[in-house]
Amino acid sequence: MTFKGILLFAVVSSLLFSFTFSNSSSNQNSKKKPTDYVVGFYNVENLFDTLDDPHKNDNEFLPDSKKKWSTDRYAKKLNDIASVIYSIDSTNLPVVFGLAEVENKEVVQDLVKTEKLDGLYEVIHKESPDPRGIDVAVIYQPKKFQLISQEWIRFQLPDKEKPSTRDIVYVSGTVVKNDTIHFFFCHWPSRYGGTEKTIPFRAKAASTLRAKVDSLYKINANAKIIIMGDLNDHPEDPSVSETLKAKKENSDLINLMWQFKEKNEGTHFYKGDWGVLDHIIVSNSLLQKNKGLSTTLKATFIHKPDFVLYTNKEGVQSPSRTYGGTNYYGGYSDHLPVYLRLKK
């Protein structure tokens, strides 16, 4: 072999080695466990099936209703919600995720069978006493989140003869060994009937949740707690800031959504204004970079990719909703999802 041939062979061999090493390193990196864990919540705006349940007031979401809810629309809704969840982080899907306004366990099971989520999630759900049949549910990845316990916290609203609203869903488990996270997923009573008139309803939800939080603190003063949900109140409202005692700072519960309130951002759009109705609230212990999991303000997000937003003629954006009254828009939800990244 000539000198030029030897030189060419050496160059080619070097390039092949570099490519092989680089490709091998890339494959090894792709197999590394994620350095963070995503958890989130989404009010999905009336995820109903098309079947009549005689025990619920679900008549507006039937094929013969004014809304003309159909199998095709239901299938589209499922795939749309799955796409939103998937788009939060397609390479590191949420390990625990709360859902509001789901009719039953079956619709959530249909959701996790969609192409983007299939085979990853298990479902936590129990029928609540809400007369419309809309509940709170949780999906989680059993390969990443080791479930310890689950509980449905029921409470009775003032002047009501029996419980008549959504349960608070409590779930505890671990993504890091010996580091328990306590989750509460909520959908507090709405403002329907008047904001002032319904204040006591949300106050009752807040006091019920606060009592449960205090019971955890009695067992462990450094308990790691995450509260997520549509509270139907803003960060400054008394139910959140005073009864639940979730504040911007100097409290055992920190409301991470204040930053969005101060920037006039939000999760829900009403009469031309953004409002923060969907909350992420954490125990102070999760903001301390000690052992196990922690988080920060910068790790808190409102998920708003362009495809979940509607832009009107004036250029104003709002959540792309499924319905407006009986008008079918074919959008995703009238709320935006929120999520949090936890790091070891």
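The values are calculated or read from the model by the stated rules, or taken from the named source; none is laboratory data. These numbers come from a predicted model, not from an experiment. Counting neighbours? That spans all protein chains shown, and the Cβs are built from the backbone with ideal geometry, glycine included.
Residue 339 - would you say it is touching a residue at least 60 places away in the same chain (Cβ under 8 Å), of a type outside the set (A, V, I, L, M, F, W, C) and in a strand (DSSP E or B)? Walk me through it before giving the result.
Details: touching a residue at least 60 places away in the same chain (Cβ under 8 Å): yes; of a type outside the set (A, V, I, L, M, F, W, C): yes; in a strand (DSSP E or B): yes.
In short, yes.
Identify, please: which residue in the range 186-197 is closer than 18 Å to residue 230 by Cβ and either among the acidic types (Asp, Glu) or in contact (Cβ under 8 Å) with a residue 12 or more places away in the chain (or both) and is, among those, surrounded by the fewest Cβ atoms within 10 Å (Cβ to Cβ)?
190
Of everything in the range 286-318 that's surrounded by 19 or more Cβ atoms within 10 Å (Cβ to Cβ) and part of a helix (DSSP H, G or I), which residue is farthest from the chain's Cα centre (by Cα)?
286
Of the residues 251, 239, only one is of a type in the set (Ser, Thr, Tyr), out of contact with any strand residue (DSSP E or B) (no Cβ under 6 Å at 6 or more places or on another chain) and part of a loop (DSSP other than H, G, I, E, B); which? First the steps, then the outcome.
Details: 239 fails: part of a loop (DSSP other than H, G, I, E, B).
Exactly one residue qualifies, and that residue is 251.
Looking at the range 319-329, which of the residues that are over 15 Å from residue 270 (Cα atoms) and touching a strand residue (DSSP E or B) at 6+ places or on another chain (Cβ under 9 Å) is surrounded by the most Cβ atoms within 10 Å (Cβ to Cβ)? Show your work before the answer.
In the first step, residues of the range 319-329 are kept if they are over 15 Å from residue 270 (Cα atoms); the result is 322, 326-329.
When the remaining residues are screened for being touching a strand residue (DSSP E or B) at 6+ places or on another chain (Cβ under 9 Å), the result is 322, 329.
On the way: 322: 23, 329: 12.
The qualifying residue surrounded by the most Cβ atoms within 10 Å (Cβ to Cβ) is 322.
Let me spell it out: the conditions are (1) in contact with a helix residue (DSSP H, G or I) (Cβ under 6 Å, 6 or more places away or on another chain); (2) charged (D, E, K, R); (3) surrounded by fewer than 15 Cβ atoms within 10 Å (Cβ to Cβ), and residue 159 meets all of them except one. Which number is the exception?
Result: residue 159 passes all but (1).
Please enumerate the residues belonging to the range 319-336 that are in a loop (DSSP other than H, G, I, E, B) and more than 30 Å from residue 284 (Cβ to Cβ). Show your work before the answer.
Step one: of the range 319-336, the residues in a loop (DSSP other than H, G, I, E, B) are 320-322, 325-326, 329-334, 336.
Listed by number, the residues that qualify are 320, 321, 322, 325, 326, 329, 330, 331, 332, 333, 334.
Mind telling me which of the residues 45, 103, 60 ends up being of a type outside the set (Gly, Ala, Ser) and more than 17 Å from residue 137 (Cα to Cα)?
Values: 45 fails: more than 17 Å from residue 137 (Cα to Cα); 103 fails: more than 17 Å from residue 137 (Cα to Cα).
Step by step, each of 45, 103, 60 is checked, and only 60 is of a type outside the set (Gly, Ala, Ser) and more than 17 Å from residue 137 (Cα to Cα).
Residue check: is residue 74 under 25 Å from residue 59 (Cα atoms), touching an Asp or Glu at 6+ places or on another chain (Cβ under 9 Å), among the hydroxyl-bearing types (Ser, Thr, Tyr) and touching a residue at least 12 places away in the same chain (Cβ under 8 Å)?
Numbers: under 25 Å from residue 59 (Cα atoms): yes; touching an Asp or Glu at 6+ places or on another chain (Cβ under 9 Å): yes; among the hydroxyl-bearing types (Ser, Thr, Tyr): yes; touching a residue at least 12 places away in the same chain (Cβ under 8 Å): yes.
In short, yes.
Does at least one position in the range 126-146 carry a residue that is in contact with a Gly (Cβ under 6 Å, 6 or more places away or on another chain) and among the charged types (D, E, K, R)?
Taking the range 126-146 as the starting set, the residues that turn out to be in contact with a Gly (Cβ under 6 Å, 6 or more places away or on another chain) are 138, 145-146.
Filter again for among the charged types (D, E, K, R), leaving none.
Looking for residues that are in contact with a Gly (Cβ under 6 Å, 6 or more places away or on another chain) and among the charged types (D, E, K, R), one finds none in the range 126-146, hence no.
I'm trying to understand the selection: among the residues of the range 169-203, which are under 20 Å from the mean Cα position of the chain (by Cα), in a loop (DSSP other than H, G, I, E, B) and over 16 Å from residue 98 (Cβ atoms)?
189, 190
Are any residues in the range 68-79 surrounded by 20 or more Cβ atoms within 10 Å (Cβ to Cβ) and either out of contact with any strand residue (DSSP E or B) (no Cβ under 9 Å at 6 or more places or on another chain) or over 22 Å from residue 305 (Cβ atoms) (or both), and if so, which ones?
If the condition is that a residue be surrounded by 20 or more Cβ atoms within 10 Å (Cβ to Cβ) and either out of contact with any strand residue (DSSP E or B) (no Cβ under 9 Å at 6 or more places or on another chain) or over 22 Å from residue 305 (Cβ atoms) (or both), then 69 is the only one that fits.
May I ask you to say which residue of 172, 190 is over 18 Å from residue 43 (Cβ atoms) and modelled with pLDDT of 95 or more? If you could, list the steps in order and put the result at the bottom.
Working: 190 fails: over 18 Å from residue 43 (Cβ atoms).
Going through 172, 190 in turn, the sole match is 172.
From the list 134, 148, 168, which residue is among the β-branched types (Val, Ile, Thr) and loosely packed, with under 14 Cβ neighbours inside 10 Å?
Going through 134, 148, 168 in turn, just one is among the β-branched types (Val, Ile, Thr) and loosely packed, with under 14 Cβ neighbours inside 10 Å: 148.
If the Cβ limit is 9 Å and pairs must be 6+ apart or interchain, which residue in the range 309-331 that is closer than 18 Å to residue 77 by Cβ and without any contact (Cβ under 8 Å) to a residue 12 or more places away in the chain pairs with which residue that is of a type in the set (A, V, I, L, M, F, W, C) and part of a loop (DSSP other than H, G, I, E, B)?
That search, which allows pairs on different chains as well, returns 309/336.
Among residues belonging to the range 210-236 that are within 23 Å of the chain's Cα centre (by Cα) and assigned to a loop (DSSP other than H, G, I, E, B), point out the one that is surrounded by the fewest Cβ atoms within 10 Å (Cβ to Cβ).
Among those residues, the one meeting the criterion is 236.
From the list 247, 261, exactly one residue is basic (Lys, Arg), over 25 Å from residue 138 (Cβ atoms) and surrounded by 18 or more Cβ atoms within 10 Å (Cβ to Cβ). Which is it?
Just a single option satisfies the conditions, and that option is 247.
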